[in-house]
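For reference, the structure discussed in these notes is given below.
The values are calculated or read from the model by the stated rules, or taken from the named source; none is laboratory data. Model, not experiment: these values are computed from the prediction. Cβ placement follows ideal geometry from the backbone for every residue including glycine, while neighbour counts extend to all protein chains displayed.
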């Protein structure tokens, strides 16, 4: 895949808290943004060094939380400006491709029929379509190791549940609008759940080394119940875990 | 000669009764927001800091954050010096009232009980050298939603039968200087807010209302966020592309009622924001009981930083 045309972002730096600035690079979600977001992330980490408390990149922005005992507001502003004025996009081909085995089944993916029906597809065809795309990891958030991925084929796009579930099982693979994600641990959530994986995203995040990083690609691979069980997967139906 | 034979079993404190919520906290988990891991840490970081100061501990030593009290009962197996700051939870040492913002000695068998909030919401109990708990991602902070930290590394609050142990023995016991009375918010308080860029998307009327009338602290309040109720705020944005959320962010969901995002907030989110409370304002808000009236008052980032740096010098000077 050729890198898409790189459009230089119109950068804005906004005050967002006493000791945090928001670097806004884009106004829309686009895979092509990631090369710039990743480059800005790397450059800002290097420039702030130990004056950086936290740096949270997302789809179009980076939240820079700095130590205001080391830098004052205007120092931090000019450091960001100086760091990003000659930014060049990162190599998006450097992102890893992760193949994630998923057991797609109504017992662990209760919205399989609903999403299939909305798309006018059989469940088998829906699964094939969900597996037939390398999704970009746009951002990490919501829970440790939770990656927001997309974009899901327009036909599969399904709005969040009207009433979120109180508990969504660990490893649940879901869709919300044109995004897809895996729940790293048991949590409340309103995404449409299609199946379950046994990949331990939370354990990776807990070690400080997340499996997915922004700019990585994720491809889902349908496996059978037998394969899921052989891998140690938990087959307890969603209802019994909620 | 074997020293093992003479080594005593380490002494500790036993949880005889668990209150609604007592959590091991330190200053929080930093540098991990990009993993989707929340900050956590003591919600009233000022009281937390004083508790450790009273024992001569390092400022980031793990302590207990006790919410509401509610019967939490701790029994000591050994003589120990502790420090208690923050809310007045009607604490008693063997049925004798214990004043907050003080350090004191317990002898073996004595019981410390926290009953109900009389002023403020969260008390901090510091232990010599800090509480022992496994460190996860650089912190002992306990975050329930993420199942991180705490005694058993599952983010769970203290429960009956838990045994607290600590790192040091003879601390430098101090008393709070008279100049530093720790006041809990009463029925009304002022919360400085650094205005954010999305402020311009709110209607003029909403902006006037946001800063010129008191908001009521709702009972839907926890370590993740505190809801305020009052006039319905509206603006041109209903949602935004999810972006990083700083501590104290004043987000306004479609129902127009602000939610202040606190220590255990999600790392990214998609509601427009008025700005963010200063860390000192967050500490104060975390002590507000439901029904408290709060005024949001704008402050510049530079002024807020000056005030914050001033606050930090206090612990160096006393």
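Scanning the stretch B:256-270 for residues that are in contact with a helix residue (DSSP H, G or I) (Cβ under 8 Å, 6 or more places away or on another chain) and not in a loop (DSSP other than H, G, I, E, B) returns a single hit, B:260.
Answer yes or no as to whether residue B:94 is over 19 Å from the mean Cα position of the chain (by Cα) and not assigned by TED's automatic domain parsing to the domain that holds residue B:38. Judged against the criteria, residue B:94 is not a match. Comparison of B:282, B:288 shows that the only residue that is in contact with a strand residue (DSSP E or B) (Cβ under 6 Å, 6 or more places away or on another chain) and crowded, with 17+ Cβ neighbours inside 10 Å is B:288. Quick one: would you say residue B:255 is surrounded by fewer than 21 Cβ atoms within 10 Å (Cβ to Cβ) and within 12 Å of chain A (Cβ to nearest Cβ)? So residue B:255 does not fit the description; no. Scoring residue A:188 on the criteria (1) out of contact with any helix residue (DSSP H, G or I) (no Cβ under 8 Å at 6 or more places or on another chain); (2) within 24 Å of residue A:33 (Cβ to Cβ); (3) assigned to a strand (DSSP E or B) leaves a single failure, condition (2).
Check B:150, B:86 and return the single one that is under 16 Å from the mean Cα position of the chain (by Cα), within 14 Å of chain A (Cβ to nearest Cβ) and either over 30 Å from residue A:183 (Cα atoms) or not in a strand (DSSP E or B) (or both).
Step by step, each of B:150, B:86 is checked, and only B:150 is under 16 Å from the mean Cα position of the chain (by Cα), within 14 Å of chain A (Cβ to nearest Cβ) and either over 30 Å from residue A:183 (Cα atoms) or not in a strand (DSSP E or B) (or both).
All of B:93, B:98, B:121 fail the test of being under 19 Å from residue B:19 (Cβ atoms), away from every other protein chain (no Cβ under 14 Å) and surrounded by 21 or more Cβ atoms within 10 Å (Cβ to Cβ), apart from B:121. Inclusion of residue B:294 among residues that are facing chain A (nearest Cβ under 10 Å) and crowded, with 18+ Cβ neighbours inside 10 Å is not warranted.
From the list A:201, A:211, A:194, the lone residue that is touching a strand residue (DSSP E or B) at 6+ places or on another chain (Cβ under 9 Å), modelled with pLDDT of 95 or more, buried (at least 18 other Cβ atoms within 10 Å of the Cβ) and away from every other protein chain (no Cβ under 14 Å) is A:194. Quick check: anything in the stretch B:306-318 modelled with pLDDT of 95 or more, surrounded by 23 or more Cβ atoms within 10 Å (Cβ to Cβ) and either assigned to a helix (DSSP H, G or I) or within 14 Å of chain A (Cβ to nearest Cβ) (or both)? No; the residues of the stretch B:306-318 include none that is modelled with pLDDT of 95 or more, surrounded by 23 or more Cβ atoms within 10 Å (Cβ to Cβ) and either assigned to a helix (DSSP H, G or I) or within 14 Å of chain A (Cβ to nearest Cβ) (or both). In the set (1) touching a strand residue (DSSP E or B) at 6+ places or on another chain (Cβ under 6 Å); (2) buried (at least 17 other Cβ atoms within 10 Å of the Cβ); (3) more than 13 Å from chain B (Cβ to nearest Cβ), residue A:131 fails one condition alone, (2).
Number of residues in the stretch B:192-221 that are more than 27 Å from the chain's Cα centre (by Cα) and part of a strand (DSSP E or B) equals 1.
Tell me whether the stretch B:39-58 contains one or more residues that are farther than 30 Å from residue A:45 by Cα, in a strand (DSSP E or B) and either over 17 Å from the mean Cα position of the chain (by Cα) or not assigned by TED's automatic domain parsing to the domain that holds residue B:156 (or both).
No, the stretch B:39-58 contains no residue that is farther than 30 Å from residue A:45 by Cα, in a strand (DSSP E or B) and either over 17 Å from the mean Cα position of the chain (by Cα) or not assigned by TED's automatic domain parsing to the domain that holds residue B:156 (or both).
Looking only at the stretch B:272-281, decide whether some residue is assigned to a loop (DSSP other than H, G, I, E, B), within 12 Å of another protein chain (Cβ to nearest Cβ), within 19 Å of residue B:44 (Cα to Cα) and in contact (Cβ under 8 Å) with a residue 24 or more places away in the chain. Looking for residues that are assigned to a loop (DSSP other than H, G, I, E, B), within 12 Å of another protein chain (Cβ to nearest Cβ), within 19 Å of residue B:44 (Cα to Cα) and in contact (Cβ under 8 Å) with a residue 24 or more places away in the chain, one finds at least one in the stretch B:272-281, hence yes.
Only one residue in B:240, B:245 is modelled with pLDDT under 95, farther than 18 Å from residue B:293 by Cα, within 12 Å of chain A (Cβ to nearest Cβ) and touching a strand residue (DSSP E or B) at 6+ places or on another chain (Cβ under 9 Å), so which one is that?
Just a single option satisfies the conditions, and that option is B:240.
Filtering the stretch B:38-87 to residues that are touching a residue at least 60 places away in the same chain (Cβ under 8 Å), over 24 Å from residue B:20 (Cα atoms) and touching a strand residue (DSSP E or B) at 6+ places or on another chain (Cβ under 7 Å) leaves B:54, B:55, B:57, B:80, B:81.
Hey, any hits in the stretch B:25-37 for a residue that's away from chain A (no Cβ under 14 Å) and more than 30 Å from residue A:148 (Cβ to Cβ)? No, the stretch B:25-37 has no match at all.
Would you check if there is a residue in the stretch B:248-255 being farther than 23 Å from residue A:27 by Cα and either touching a residue at least 60 places away in the same chain (Cβ under 8 Å) or part of a loop (DSSP other than H, G, I, E, B) (or both)?
yes
Among the residues of the stretch A:214-242, the ones that are assigned to a helix (DSSP H, G or I) and out of contact with any strand residue (DSSP E or B) (no Cβ under 9 Å at 6 or more places or on another chain) come to 4 in all. Across the stretch B:191-206, the number of residues qualifying as without any contact (Cβ under 8 Å) to a residue 60 or more places away in the chain and away from every other protein chain (no Cβ under 12 Å) comes to 4.
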